[in-house]
Amino acid sequence: MSDEIKFSTDGGLATVEMTRPKALNALTHGMVKEMAAQLDSWEHDDAIGAVVIKGEGEKAFCAGGDVRAVWKSVKEENGGKPSELSRTFFFDEYRLNHQIHAFSKPFVALLDGVTMGGGVGVSIHGSHRIVTERLMFAMPETAIGLFPDVGGGWFLPRLPGETGTYLALTGARLDAAGACALGIGTHFVPSSRLEGFEAQVASSMAAGSGGRQAVNDVLERLAEPAGPDPLAPHRAVIDSCFKPNTVEGIIDALSAEGSDFALETRDNLLHKSPTSMKISLELMRRGKEASSLAEVLVLEYRLSQACMAGHDYYEGIRAVLVDKDHAPKWQPATLAEVGDDIIAAHFSAPAQGDWSLA
C-alpha cells in the first residue's frame, strides 16, 4: 500500500480508505490502479462479504480526480501535447468505475464531506451511498472545461425529471437532503453515528449474517430521515427549462421563466465553458438512451481525449486551480461559435478504435 490509500479487513468486511486529507482525498492515478487491483482480489475472495470505502479526515470523502496532475503532465512536462498520463488516467479511472458497478458484493461508500467528480465515480456505482450532514456533492466539470464524466452520462440522465441535466450543466451543489431526494444518497446517517459503523457490520457478519444483510441491518439502526428536498421548490422550473436539446434553448427558457432562481441559474451557465456545456448536454441525451454504463463510458473516454487535445480543460484548470484568478478565457468564447461539427468531433470514434473493458 502507498501512503495515499489504505486497505484493511475485519473478518468478512474489507475497507478502502483514501488517505490524502490535505488534498481532500483527490484520486491519483496510483490510487486508481491500487484500488482496482485490490477490488479484483476481494471480488474473488469468498471470505470477503462486503466492502466499505471512505476518506480520511472530516472535510472530504473525495474531491475528485487529481486533474492538476494531468494538467501538469501536459503543460509542464510534455510541451502542451497530450501525455501518457492524460491518456491512461481517464482510461483506468473509467475502468474502475465500471468495476465498482459490476462488483458482486455490497459496496458501501461513506460520503462524509466533499464528494465531487472522481469521488462520485468511486461511490455512485456501488450498492449503498451513505451521506452525512457534511456532504457537499457536485459535478462541477463544466467550470474547468471538462464534462460530467466517471459515468455521469449514465447516472445523471436517470435522476428525476431534468435534475441530472441541471446538475451536469450548472455544477450545482447538493447537501444530504438534496442527494437523498434524488436517489444519489441511499441513506442519511449523522456523522457522529458513523463512528463504529464498520465494526458493527463486521460484528454482524461474524455472527452469521451475509454481507448485504449485515449492512442493511446496521443501516436500519443508524439511518434517519434526511429532511426536505431543497430543490423541491424549483423542480418545475428545472424540468421545464432544462428540457430543450440545445444549451441556447435552455438559456432562453430560463430567461423567459424570469424567476430569481431561473435568472441566477442562467447567469451561472454563462460563465461555464461553452464547449463543455454543449458536449455535456449531448452526453446527457445520448446517455439517457444508452443500454449500459459500459456504452456510456466508451463515449466518455472519447470525450476525455478530445478535451485533452483541446484548449478549455487546460484553461479551466489554470483559472481555478493553478493561477486561481477564476477568469478563464474559453475558446470558442461563445455558444454560437461551438458548431455541431465541434460536438460531432468530440463524440467521434478514435482512429485506433475505442477502449475495451477487457
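Quick query: amide H of GLY65 versus all other amide H atoms, modeled in the peptide plane; which residues come in under 5 Å with a sequence gap of 5 or more or a different chain?
Amide H to amide H, under 5 Å and 5 or more residues apart or across chains, GLY65 pairs with LEU27, GLY118, GLY119.
Between ARG193 and THR9, what's the calculated FRET efficiency when r is the beta-carbon distance and R0 is 22 Å? Round to 0.05. Walk me through the numbers on the way to the answer.
On the way: r = 23 Å, r/R0 = 1.04.
In this case the efficiency is close to 0.45.
Mean-square fluctuation check for the chain, GNM, Cα pairs under 10 Å: which of GLY153, GLY196, GLY145 is largest?
GLY196
What is the gain in length, in nm to one decimal, between THR246 and GLU133 on full extension, counting 0.36 nm per residue of separation less the C-alpha to C-alpha distance?
Gain in length upon complete extension: 37.2 nm.
Skipping prolines and chain starts, which residues have an amide H placed within reach, meaning under 5 Å, of the one on ILE53, given they are 5 or more residues away or on another chain?
VAL16, VAL108, ALA109, LEU110
Under the definition of Cα pairs under 8 Å and six or more residues apart, what whole-number percent is the relative contact order of region 235-312? Don't skip to the answer; put the middle values down first.
On the way: 34 pairs, mean separation 18.6, N = 78.
Normalised by residue count, the contact order of region 235-312 is 24 percent.
Amide H to amide H under 5 Å from ALA309: which residues, 5+ apart in sequence or cross-chain, H placed 1.01 Å off N in plane?
Here the answer is none, since no amide H 5 or more places off falls under 5 Å of that of ALA309.
Write down the percent of antiparallel bridges among all DSSP beta bridges whose residues are both part of the chain, to the nearest 5. All intermediate terms of the calculation are to be shown ahead of the outcome.
On the way: 8 of 29 bridges.
Antiparallel bridges make up about 30 percent of those DSSP assigns within the chain.
Using helices alone, I'd like the mean residue ellipticity at 222 nm for the chain: each DSSP H run of four-plus residues gives -39500 (n - 2.57), total over residue count, nearest 500. List each step's numbers first, then the result.
Numbers: 17 runs with 166 residues, N = 358.
Value at 222 nm, helices only: -13500 deg cm²/dmol.
So, for the chain, what is the accessible surface per residue at a probe of 1.4 Å, expressed in square angstrom?
Accessible area per residue, the chain: 41 Å².
Rounding to the nearest 10 and keeping the result within 0 to 90°, find how far the Cα-based axis of helix 260-269 lies from the longest principal axis of the chain.
So the inclination is approximately 80 degrees.
Relative contact order of the chain: what whole-number percent is it, with Cα pairs under 8 angstrom and at least 6 residues apart?
With pairs under 8 Å counted, the relative contact order is 17 percent.
Express in nm, to one decimal, how much length is gained between GLU264 and ALA336 on full extension, taking 0.36 nm for each residue of separation and deducting their alpha carbon distance.
Going from the current span to full extension adds 23.8 nm.
Quick one: pull the percent of accessible area on the chain belonging to carbon and sulfur, 1.4 Å probe, ligands and nucleic acids left out.
Working: 7310 of 14630 Å².
That fraction is 50 percent.
Starting from 0.36 nm per residue, how many nanometres of slack lie between ARG221 and ALA102 once their C-alpha separation is accounted for?
Computed gain between ARG221 and ALA102 is 40.1 nm.
The values are calculated or read from the model by the stated rules, or taken from the named source; none is laboratory data. Being a predicted model, the structure only gives us computed values, none of them experimental. So basically every Cβ, Gly included, is an ideal-geometry build from the backbone, and we count neighbours across all protein chains shown. These area figures cover heavy atoms from the full protein model, side chains too; ligands, DNA and RNA do not enter into them. Shrake-Rupley method; radii C 1.70, N 1.55, O 1.52, S 1.80 Å.
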